[in-house]
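Rule-based calculations on the coordinates, nothing more; no lab input. Remember, it's a predicted structure, so these values are computed and weren't measured experimentally. FYI the Cβ positions are ideal-geometry reconstructions off the backbone, even for glycines, and counts take in every protein chain you see.
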Amino acid sequence: MNMRKILLGLLLSGALFNGVHAQEQPSLRKRADDLFNRLEFSKALPIYERLANAKKVKVGDFEKIGQGYLYLKQYELAENWYARAIQTEGHSKDALLGYAEALKQNGKYAEAKVQFQNYSARFGSSEKIQIELAGCDSATVWMANPLNYKLKNEKGINTDLSEFSAVPASNGVLYAAEPKMGGSGRSAMTGQGYLKVFAASRNDANLEMPTIMAGSFNGAAYHVGPILPNRNEDALYVTRTYPGKDAEKFKAEGVRFKKQNLELKIYKKNGNDWSEEDFAYNNVKEYSLGHAALSDDEKTLYFASDMPGGLGGVDIWFSTLQADGSWGKPVNAGREINSAGDEMFPTVLGNKLFYSSNGFPGMGGLDLFVAEGSNGNFKGRKNLQYPLNSASDDFSYVVAATDAGSNVYGYVSSNRIGGVGSDDIYSFNYTKPKIKIILNGFTYDKKTRAILEDSRVSLLGVSGDIIARKLSDGKGNFVFELDAGTAYRVNAEHTGYMSDSTRVAAVYPQRDTVINVALYLQPMYKAGDKIVLENIYYDFDKHNIRKDAADILDHLVRVMRDNPTMKVELSSHTDSRGSDSYNMRLSQNRATSAVEYVISRGISRDRIIAKGYGETRLVNKCSNGVSCTPAEHQANRRTEVEVLEF
């Protein structure tokens, strides 16, 4: 989800409409547009998708869906819909830019670079475009040569909702999260509950036992968090969305809105509860302010704000503690830290300021940076590179422990591929490896066995997280370095081909070791080509799309998205057990479900046909009455794709 936008104060409420007559029933598109303009994406996008599936479609609907999913950080869907938009006559220049951004957020840096260059050639270059192009080049190098940070998803506290900004506290961490809840108190942007502050325990290096913190600070009407405790944990600096009626007002596309900005609250321990104070420089009528960080001596308070006087967007600012205990007038942290983009989520360790920015060359979304100094005197800004950064948003870097051996342990937040869902909290550590394990592989055309160069090869963790990514070279070769005791999956993709992958089992070598693999990609580039979508399974007697089947169908979506003239038949086949009529009906239902899933991912309905063949196209001897093994029957229970046009 786009937690960055929410935390910038883009939570819109209490919309007042001008020029709309109450007695008139708005059209479906007008209803979708009104919801979209209020950033109520959870309600607007399903309506746009209905319109996109109608006979008379509008390219603007495709663009709105792509933009909405980009806001919500569902980058694969954003790419799908933007691709459909730019393949349609009459698309806007913003659609091309959105497509390039979605490609970059999906880690497709070579493809994103081409689209940014296309945009620059057609509409002119800008500083933003040059930064994006530089980021594509840097990210390609960083992903091919990742630093030796090891990240672990803290699954004991992460859910399919958003968890982020973990800060160390007694016996564990405090963090912000969307609670699992029903009823009222939901964000119209995401459809989920408003953020609350949670606490979790740390046990054997794992975070566990999450619970919503008790305390008055968690009782606000809208988002609460992130949170920062001071060293003694008797003061809390809490970012929250202003809950009152006296909000910033503005007008867009003829509609008046109230913008509920962020404010920083300071809570001080008062017996068993907390007394509330305003940070003196809150001004909810004009700007947002939050994301507090304290210097080691707790005499400098850093925060993020879009207050007037900054360098553009959201900047890092600071206030110094005065002799009377008050905080001094905010000062901008300067050009070494801030940019024309957005800077936020600062943390401090000694003389180092860590923060996130989208205004300098980076891998995509918010990238983590570090600079040395204090107050407004910083130097040596550096990108923390891969794997601390990814193609998605990476933020809230905090060091929990260090030792004399240069080992570092801490937490970072990210909505990267392979997480539990939305923003997740990851722990990280940095250690130096003792034994080298090399994965050496090649990519081939499955039909001709020819070398397939320039295939995009990804080294993945068992949860699908990207460990490293690079292109196979002119000999089809790729090389990755592995960790002992860790299982992986390696996946290869190439335009015009179905992807191929293989698992790499964990090894525990006593000396340097080389593991060899080969990947064979099935071509799909002419009418009549067929491929079995392997490992698509359905529950017994069911035709709903399971999560594992959806992952396989997503590969087909990508092939069709990248080859916009391709039309296919998707067919489902059963084994011979059961009656002929029952098997025919079941296979048609399964094919239809698969096709509806593909369409829901942004592929036009007129490009894919569902066909159930039941048991009429068996691939072996296992017809009615023939005794066969379970494996032989399984071979007949398959889903196939045949290219009709290319």
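Highest average first, the peptides 368-381, 333-346, 73-86 ordered by how many other beta carbon atoms sit within 10 Å of their residues are 73-86, 333-346, 368-381.
Each residue, Lys447 and His633, gets one label point 7 Å from its Cα in the Cβ direction; the gap between the two is 3.5 nm. Other residues with beta-carbon under 13 Å from the beta-carbon of Gln115 carry, at +1 per Lys or Arg and -1 per Asp or Glu, a net charge of -1.
Taken as entire DSSP H runs, the helices of the chain that both span 27 Å or more between Cα atoms along their own long axis and average -1.0 or more on the Kyte-Doolittle scale are 580-600. Across the range 530-645, the mean sequence separation of Cα contacts (distance under 8 Å, 6 or more residues apart), normalised by length, yields a relative contact order of 38 percent.
Its Cα gyration tensor gives the range 403-472 an equivalent ellipsoid; the semi-axes, largest first and in whole Å, are 32, 19, 8. Modelled label positions at Thr592 and Lys352, each set 7 Å beyond Cα in the direction of Cβ, lie 5.9 nm from each other. For the chain, the dipole from Cβ point charges (+1 on Lys and Arg, -1 on Asp and Glu) about the Cα centre works out to 1220 debye, to the nearest 20.
Annotation: extensible slack from Thr616 through Asp296 equals 107.9 nm (criterion: 0.36 nm per residue apart, minus Cα-Cα distance). Legend note: in the chain, cysteines whose Cβ sits 4.7 Å or more from every other cysteine Cβ are Cys136. Over the range 378-509, the Kirkwood radius and the radius of gyration, each from Cα atoms, give a ratio Rg/Rh of 1.02. Bridgeable lysines around Lys245 (alpha carbons under 20 Å apart, same-chain partners fewer than 8 residues away excluded): Lys258, Lys259, Lys265, Lys285. Taking packing as the residue-averaged number of other Cβ atoms within 10 angstrom, the listed peptides 277-284, 205-212 run from highest to lowest as 277-284, 205-212.
Taken one residue at a time, the phi angles of the range 612-623 give Karplus couplings (6.51, -1.76, 1.60, θ = phi - 60°) of x, 10, x, 9, 7, 10, 5, 9, 8, 6, 7, 8 Hz. Gly and Pro are set to x.
Taking label points 7 Å from Cα along the Cα-to-Cβ direction, Arg335 and Met213 give a separation of 3.8 nm.
According to the calculation over all Cα-Cα pairs in the range 491-616, the P(r) per 10 Å bin from zero is 11, 37, 29, 14, 6, 1 %. In order along the range 215-227, phi translates into HN-Hα couplings of x, 5, 5, 8, x, 5, 6, 10, 6, 10, x, x, 10 Hz, rounded to whole numbers, per the Karplus curve 6.51 cos²θ - 1.76 cosθ + 1.60 with θ = phi - 60° and x for Gly and Pro.
Calculate, for Asp551 and Ser170, the FRET efficiency according to 1/(1 + (r/R0)^6) with r their C-beta to C-beta distance and R0 45 Å; round to the nearest 0.05. According to the calculation, E is roughly 0.65.
Using R0 = 60 Å, the C-beta based FRET efficiency linking Lys30 and Asn516 works out to 0.50. Across all C-alpha atoms in the range 160-229, the radius of gyration and Dmax reach 12.3, 38 Å. In the chain, Cα pairs under 8 Å separated by at least six residues give a relative contact order of 10 percent.
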